[in-house]
1. Looking at the calculated P(r) for segment 7-86, what percent of the C-alpha pair distances fall above 21 Å?
2. Rounded to the nearest percent, how much of the accessible area of segment 7-86 (1.4 Å probe, protein heavy atoms only) is carbon and sulfur?
3. Give the span of segment 69-128's Cα atoms along each principal axis, as three whole-Å numbers ordered largest to smallest.
4. For segment 170-310, which whole-number percentage of the solvent-accessible area (1.4 Å probe, protein heavy atoms only) is attributable to carbon and sulfur atoms?
5. Nearest 5 is fine: what % of DSSP beta bridges in the chain come out antiparallel, could you say?
6. So which lysines can Lys37 reach, going by Cα to Cα under 16 Å and dropping same-chain residues fewer than 8 places off?
7. Pairs of alpha-carbon atoms within less than 8 angstrom and 6+ residues apart define the contacts here; what relative contact order does segment 143-341 have, in percent?
8. Could you work out the pair-distance distribution P(r) of the chain from its alpha-carbon pairs, with 10 angstrom bin width and percents rounded to whole numbers?
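The values are calculated or read from the model by the stated rules, or taken from the named source; none is laboratory data. In this text, all values refer to a predicted model and were calculated from it rather than measured experimentally. Glycine gets a Cβ as well: all are built from the backbone with ideal geometry, and neighbour counts include every protein chain shown. Please note that ligands, DNA and RNA were not included when accessible areas were found on the heavy atoms of the full protein model with its side chains. Shrake-Rupley method; radii C 1.70, N 1.55, O 1.52, S 1.80 Å.
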Amino acid sequence: MKDELDFEQLVLIMGGHTAFQILWAGVKLGVFEALSKSGGMTNAEIGQATRLEPRPLRILLTGLTSLRLILKDGEVYRNSEVVEKVLVSTSPDNWVDVLGWQNYIVYPGEMDFVESLTTNSNVGLRRFPGNEPNLYARLAHDPKLEKIFQDAMSSLSNSANTYLADQVDLRGVRHLVDAGGGDGTNAIRLARANPHLRVTIFDAPTVCKIAEKNIEVAGLSGRVDTHPGDFFVKDFPKDIDCILFAHMLTIWSPEKDTALLRRAYDALPEGGQVIIFNMMGWDDETGPMTTALGSPYFLSIATGEGMLYTWKEFESFLAGAGFTQTKRIELPKDHCVLIGIK
Ligand SMILES: C[S@@+](CC[C@H](N)C(=O)[O-])C[C@H]1O[C@@H](n2cnc3c(N)ncnc32)[C@H](O)[C@@H]1O
């Protein structure tokens, strides 16, 4: 059982929208980056770096300090330890780009959370131009927003996929399909960690274009390629023995996930494997916080039908698709891997 909520935590939740904007300002105006580079700055020095007038600067610094994002020691401000790790772009583990997605996609879309709950649909999608029923198809109309989205996914994946590459043994795999592979972040990481491996990214045509540029820059054009299309409709590539679903099955309903896994099952040879890599909810449905705060996005905005399912639920999707053996691997940052064998 968790502790009782106290008054300060309640105030933080009630003003969560403002707290997020204070944090976003710290990122956008370069406060965290400047404090990281300098090791500490006074009010006047931060004012010079951000070009803010004294009153807005005071409001921002009081906000950042009260939220403990930055700490004030005498006249000098410095980043808190967790900000140095997560919100400074030079940190290998940073989530800076995740905030662009939060600000431009999640933030406006969650204005429609209550209506999304009562109608069990993604009412928040109306904040994004287009007629398509899900966010991913609508993003194709807006290259700037699509890039913000892909950068966020890449940032999330980058900070967790080292563990994926370390913990999942791909020595026996020849050709892996990264279904919904996005900009290629995971594919590139896995190809680098496994020099024998061929990887194909199966994603929408506009997204595959972004991935192709990244593959070229990574110097992996011979081993990593793309297969543009809709994986609910188009066949999976031929001659494969492993399919990865990274941050993917949270998008769809249990029925669609099972159907998609069934398509994966049919595309694999006997002994082939499917890997699910995701943040997963605890089986008792009390957390963790990352999944509890992540699920509303899938209901209100992305598709209206997904959520961050529990380990048990993912396992039931695998079983429903015909996979017999499953293996659980717990990773840091609330990430988990489930492996199903055909
Ligand atoms: C949440 S992102 C995950 C990206 C990447 N796998 C990662 O872990 O960073 C979901 C990806 O699925 C892709 N996607 C959604 N629906 C799809 C479909 N029907 N066919 C192929 N790709 C799809 C989106 O374009 C997007 O790149």
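1. Tail of the P(r) past 21 Å holds 22 percent of the pairs.
2. 58
3. 50, 26, 16 Å, listed from the longest principal axis down.
4. 56
5. 50
6. Answer for Lys37, where 16 Å is the Cα cut-off: Lys28, Lys85, listed by chain and number.
7. Relative contact order, segment 143-341: 18 percent.
8. Result, from short to long distances: 5, 23, 31, 24, 12, 4, 0 percent.
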